[in-house]
Amino acid sequence: MTQKTAKDAMTPLCDIFSLDINSKLNEKTMGLIISKGHSRVPIFSGSPTNIIGLILVKNLIICHPEDETPIRNLTIRSIPRVHDRLPLYDILNLFQEGHSHMAVVVKCKSDTDDTAETAKSKSHSNFKRIKTK
């Protein structure tokens with residue numbers, strides 16, 4: 001695990017289940033959420049490439065499909081961003097701090113070899129700024 005990076009373990013964007021912030025929790029949407037079986041669902045705004053946070057599926061137990069609750073009215077938790085070259089061990093350490101169990105992997109801006117320490121400190125500072133509603 002010390003040799004593998006976020007890029008090695010990530011799920012490609014085209015393979016994830018996510019919801020638009022403008023969606024409503026109607027019968028169809030809630031059925032999709034249940035059928036996927038995930039505990040967390042990423043939320044995007046405008047485009048699936050613009051992930052703005054996530055919802056915890058367990059919090060939906062109080063939602064009724066007939067109410068068609070807008071997703072934007074739910075508690076949308078912040079989601080950290082980590083560089084694709086960040087070692088998995090460092091990501092595990094960040095997750096163990098209790099802020100999140102999911103992260104968005106972003107591509108490093110340059111192909112020059114950044115040190116893992118630089119990526120770690122940048123990601124760690126981003127992780128610390130995350131607040132939940």
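If only residues of the range 39-60 that are under 26 Å from Q96 (Cα atoms) and more than 12 Å from the chain's Cα centre (by Cα) are counted, the one that is surrounded by the fewest Cβ atoms within 10 Å (Cβ to Cβ) is K58. Residue check: Y89 meets all listed conditions (1) outside the structural domain of V105 (by TED's automatic domain parsing); (2) surrounded by fewer than 18 Cβ atoms within 10 Å (Cβ to Cβ) but one, namely (1). Taken together, D15, D84 contain a single residue that is free of Cβ contacts under 8 Å to residues at least 60 places away in the same chain and either closer than 30 Å to Q3 by Cβ or touching a Pro at 6+ places or on another chain (Cβ under 9 Å) (or both), which is D15.
The values are calculated or read from the model by the stated rules, or taken from the named source; none is laboratory data. Only a predicted model underlies this, so the values are computations on that prediction, with no experimental measurement involved. FYI the Cβ positions are ideal-geometry reconstructions off the backbone, even for glycines, and counts take in every protein chain you see.
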